[in-house]
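Each remark here refers to the structure printed beneath this line.
Just so it is clear, none of the values below were taken in a lab; they were calculated from the coordinates. As the structure is a prediction and not an experimental result, all values here were calculated from the model. Using ideal geometry, Cβ is built from the backbone for each residue, glycine included, and neighbour counts are taken over all protein chains shown.
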Amino acid sequence: MNYPVIAEHILATVQGTWWSRRRRREDVPPLPPGAVHVFRVGGNYRTFPEGMVFDASHADVLDASSVSLVDTRARLVDVERPLPSVSEADNFTMRASFTCQVTDPAVVARQGIVDVTVPLRAYLMGDSDLPRVSAGHRVEEINAVRNEVGHRTTAYSAIVPPRVAGMSVEFVSAEVYASDDLRVWERKLRDERRSWELRKGQRDFEAQDARRIAELLAQGSDHVDAFGIARQEIDVTDVAARIHRIAEEETAHRRRTETDDRVHARSTETAEAQTLGEVLLTVLRQSAGSEYVDHHQMLDQVLRMMGGPGGSGGGAAADAARMVESGQARSGRGAAGRNGARDPQGGFVKDEDDLVD
């Protein structure tokens, strides 16, 4: 870095008599902000008065053999020094910061301090015990090294303050950095960790969305429709048309179900009536020749159970009637009364005792 001496220029000798001697203005480089001219006159270095308008006929300007531009502003200067670690393959890098400001531009120009980091680095290298602080640590233990190096450098600067001729120098702080390889490795680990956390966060968000959607769906289609309408993702006209269509489909399905149920019920009733008629007809046929059965009464009961003569069991009833008529031809037997008793004159017994001869 070009600090504090910004530039140095050789000046040609000015020819002429004492009243006509004058240096050209373009021979002297212009000053940047915060800098001063320091002219070398013979073996002396003289600072051109600060704040004075430059005078090309000034004696120092005419007699100078060279000029230096010296920056007098305060600067923060960083200086680095390598520090060893346990491994020979890895090193630490210490960076110390100093505040510097020129107090005597002529001394600085005489010393030719073009780069102030050179004497400051020599100052840091003067602490021969500093490498022992870091030599017992691995590069991964950089935080411990930072702490110890910071305390060591602060104590060293207090006991042996930094000095640069013509300048005021103060130690500010010290920082320790790992090697480039370790920084690349740690950066890769950091990026991988962040990527993993990002993927994990995305999966967590997806799981939360899935649970929220499942809860939304569990509340029914009406709630889902309302949610979609609120977010302006569903048109209310489309929802109304769909609800109307679903209602019509449910009504039509209910009507078909009711019609099928009625048809099934009628079919069941018809089948039951036919089955019952067949059973009764079988009973009548089997009892047609019995003299203890009131066939007319049984026929009347069958007709009533089967819905009368016009019922679904009409054919079975006619067969039952014919069976009864054929059973009346038996000798000496009369018809049954309404109370089911037998008339002796009609061929029936009045009570059970008459059955005994």
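Mind counting the residues in segment 62-109 that are crowded, with 16+ Cβ neighbours inside 10 Å, touching a strand residue (DSSP E or B) at 6+ places or on another chain (Cβ under 6 Å) and aliphatic (A, V, I, L, M)? Looking only at that region, the number is 13.
Residue by residue, here is whether (1) in contact with a strand residue (DSSP E or B) (Cβ under 6 Å, 6 or more places away or on another chain); (2) surrounded by 11 or more Cβ atoms within 10 Å (Cβ to Cβ) holds:
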site	(1), (2)
Pro162	yes, yes
Glu192	no, no
Ser195	no, no
Arg199	no, no
Glu206	no, no
Leu216	no, yes
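Of all residues in segment 111-126, those satisfying the criterion of being within 17 Å of Asn2 (Cβ to Cβ) and either surrounded by 15 or more Cβ atoms within 10 Å (Cβ to Cβ) or under 53 Å from the mean Cα position of the chain (by Cα) (or both) are Gln111, Ile113, Val114, Asp115, Val116, Thr117, Val118, Pro119, Leu120, Arg121.
Cβ-Cβ contacts under 6 Å between residues 6 or more apart (or on different chains), taken from a first residue in segment 22-40 that is touching a residue at least 40 places away in the same chain (Cβ under 8 Å) to a second residue that is part of a strand (DSSP E or B), are listed as Pro29/His9; Val36/Thr47; Val36/Val70; Val38/Tyr45; Val38/Thr47; Val38/Ser68; Val38/Val70; Arg40/Ser66.
Arg242 meets all of the listed conditions (1) within 37 Å of the chain's Cα centre (by Cα); (2) outside any strand (DSSP E or B); (3) under 25 Å from Val145 (Cβ atoms) but one, namely (3).
Regarding segment 173-186, can at least one residue be identified that is in a helix (DSSP H, G or I), in contact (Cβ under 8 Å) with a residue 12 or more places away in the chain and crowded, with 16+ Cβ neighbours inside 10 Å? Yes - at least one qualifying residue is present in segment 173-186. Screening segment 31-59 for residues that are part of a loop (DSSP other than H, G, I, E, B) and small (Gly, Ala, Ser) and picking the one that is nearest to Ala74 (Cα to Cα) gives Gly34.
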